[in-house]
Structure formats: C-alpha cells, structure tokens
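See below for the structure under consideration.
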Amino acid sequence: MEKITRREALKKVYGAIIATGAASFLSFDDLLAADKYVDKRLNLVWLHGSSCSGCSCSFLDIEYVPVLDILSRFANVIFHPDLSLATGDQVTGILDQVVDSDLDYLLVVEGSTPVGMPHACLMGHKPFVEWVVPMAKRATACVAAGTCSVFGGVTRMNGMQTGVQTLPELLAAQNIAKPLVSLPGCPMKPEHLVYTLLHYAMKGTLPELDLQHRPIHFFGRTIHERCNYYADFQEKHYARYIGDSGCLINLGCQGVVTRNDCMINGHNNNTSTCIKAGHPCVGCASEHFPRQIMLHRHDDPRVIKRKF
C-alpha cells in the first residue's frame, strides 16, 4: 500500500474543508497547526429520535475524505448512536455522566421527538424526550440535524399519530434558551454540519443565521434563484413532461419555495440534485416537505413514455 505523508493527508482533509465553504475562516496553515487546538476541541453529543438515520448515513459517507479525519481534529465525539462502541447501560451511563458534569458540549439532535406518544421512541426504557430536555438544558448550543428535526418532515406526515415536536418547538415549549442552528435537508448535507462545527470551533460562535436558525451561507437564497433553468423560467419556456428541457415549475418543482444550495453543492460529493437529474425539486429542506402529492409514479401522465 502506498504511504502518504501527513501533509498529503491533510491536503485531502483540506479539500473537504474547501468543499464545505469553511476555507474562508480556516486556512491550510491552521490545519497544519491543528494540534494546538486539541485542548479546544468541541465536545459533541449526538442523539437520534424519530427518523430513518439518513442524516447520520449522509454525514458518515463524505466521499472525498473520511469525516472522522475532520472530527478527530476539531471535535471529541462523546456519543453518536452509529459511531460509539458503547451499548446498553454503557450508553445511558455516559449520557447521565455528561448531564451531571460541568462539561461544555454541543448537542446534535437528529429526528423529531414524539411527545404525543412518548413510548414510540425509547432509550434505556426512558422516552426520548426525557433525554433531550436535560441534555439541551446543559448544552452550550444545539443543532437540529435534518428536516425531521427542523420542520417535522416525514415524521409529521398526514396520518402520523406520534405527535412529534421539532427541536426548535421542544426548546420553546420547555423554555430552554440556547443558541440553535437548524440544518434542514432529507438527508442533511454533511457539508452543512461540518461547516457549522468548524465555524464554532474556530470562532466560538454559530454562523450567521436567518429567522429560522438556518445558516445564511447555505440557505440565504432559493434553489429557483440559482437554477440552471432560470433563463427558461424568464422566457416562459416550461417543461410539459419529466425529461423535457425547460423550467420544471409546472411539474410541481418546489425550488421556488425551498432555500438550499443544491445548485452549487449537490448530494453525494455534488454528484447530482433533483433538478440536475431531470426531476422537479421535491423541496426536502422546506417546511412544506413532504407534500401529499410529491413524487411522480411510473404511470403519471406527465412522465415521458419511452420504448427501449
């Protein structure tokens, strides 16, 4: 196996940092001197409520560099349901120790909290809400990871009976005043979280946020504003069928009401997005997601029937 130097390895890490947009406040020289930040690393506690684990999977699957390379330099992961080796009583013991200590930490909450049906999500025989509330009270700041945690998402679809609360709603209901950053997306983009963590580690503050606690750096503009079909929209050249060229707004595209950076930074190492793949934006980072009528089935009349 070919050996690489520490500097070459750090260049790969810095490539990921550039991709997240954090290069504006973290230089390569800073990364070379990262050892001096060891004592200032962020303590991170990650809890997982009602959701599908998609945000964790997305976060752990950054393709251009293992996310652990970044976390190990700038964070100390006290607990993550998919990373930690602790199981059973070890997990509850770790979390109890954190709450009872004077440790500073960031709390990341993936998924929503079922308060209408607390037993729908249990950790160590205790409802999830009984873990989130005390941990949020002790945290220095909170991160809502993914649309389920920020807006309710799939866990709040019509017919759901668990009575979920989002992290912002839960903090407000419990009168917990903590700095909060919301990172919607289904799944959350790992770049958004890495940027947020690095900003907090380097500057001691959360990035500039909008009124819904989203980083303006990523959510300052709608997908529509940056869409590669924006000129078609201006010229009123609309697609009639999926697969047509032209603006997709008449096919239900949610880019007009969805704020995200998809047209600049897509999913899976910027491999693609809904629109780049020829499908209308489904608005997965929007408070309107998921809509009752959203995805197009194979027998939808708007789908082009092709013979191969």
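Set the bar at 24 Å for Cα to Cα. Now go through Lys12/Lys189; Lys11/Lys189; Lys11/Lys178; Lys12/Lys276; Lys137/Lys189; Lys11/Lys276 and name every pair that lies beyond it. Beyond 24 Å between Cα atoms: Lys11/Lys178; Lys12/Lys276; Lys137/Lys189; Lys11/Lys276. Of the trypsin sites (Lys or Arg not before Pro) found in segment 168-229, those that fall in a DSSP loop while having at most 14 other beta-carbon atoms within 10 Å are Arg221.
Split the accessible area of the chain by element, probe 1.4 Å, and carbon with sulfur accounts for 52%. Between helix 89-100 and the chain there is an angle of about 80 degrees, using the helix long axis and the longest principal axis of the Cα atoms.
Rg over Rh for segment 93-250 works out to 1.08, using Cα positions for both radii and the Kirkwood form for Rh. Quick check: the angle from helix 190-203's long axis to the longest principal axis of the chain, C-alpha only, nearest 10 degrees? Taking the Cα atoms of the chain, the angle to 190-203 is about 40 degrees. Annotation for Thr205 and Ala86: the two label points, set 7 Å from Cα along the Cα-Cβ direction, are 3.3 nm apart.
This model, with +1 at the C-beta of Lys and Arg and -1 at the C-beta of Asp and Glu, gives the chain a dipole about its Cα centre of some 800 debye. From its DSSP helices (H runs of at least four residues, each -39,500 (n - 2.57)), the chain gives a residue-normalised ellipticity at 222 nm of -8500 deg cm²/dmol.
Using only the Cα atoms, work out Rg/Rh for segment 172-248, with Rh taken as the Kirkwood radius, to two decimals. Result: Rg/Rh = 1.16. Taken about its Cα centre, segment 92-206 carries a charge dipole of roughly 240 debye when the Cβ of each Lys and Arg holds +1 and the Cβ of each Asp and Glu holds -1. Note on the chain: GNM, Cα springs under 10 Å; of His125, His213, His267, the largest mean-square fluctuation is that of His125. Beta-bridge orientation, the chain: approximately 30 percent antiparallel, per DSSP, counting only bridges with both partners inside. In terms of its Cα atoms, the chain spans 60, 52, 40 Å along the principal axes, sorted from long to short. At a probe radius of 1.4 angstrom, the accessible area of segment 142-217 per residue rounds to 39 square angstrom. Computed over segment 86-170, the convex hull of the alpha-carbon atoms projects to a mean area of 5.5 nm².
The values are calculated or read from the model by the stated rules, or taken from the named source; none is laboratory data. Keep in mind it's a predicted model, so treat the numbers as computed, not measured. When we count neighbours, we look across all protein chains shown, and the Cβ atoms used for this are built from the backbone with ideal geometry, even at glycine. Keep in mind that these areas ignore ligands, DNA and RNA; they rest on the heavy atoms of the full protein, side chains included. Shrake-Rupley method; radii C 1.70, N 1.55, O 1.52, S 1.80 Å.
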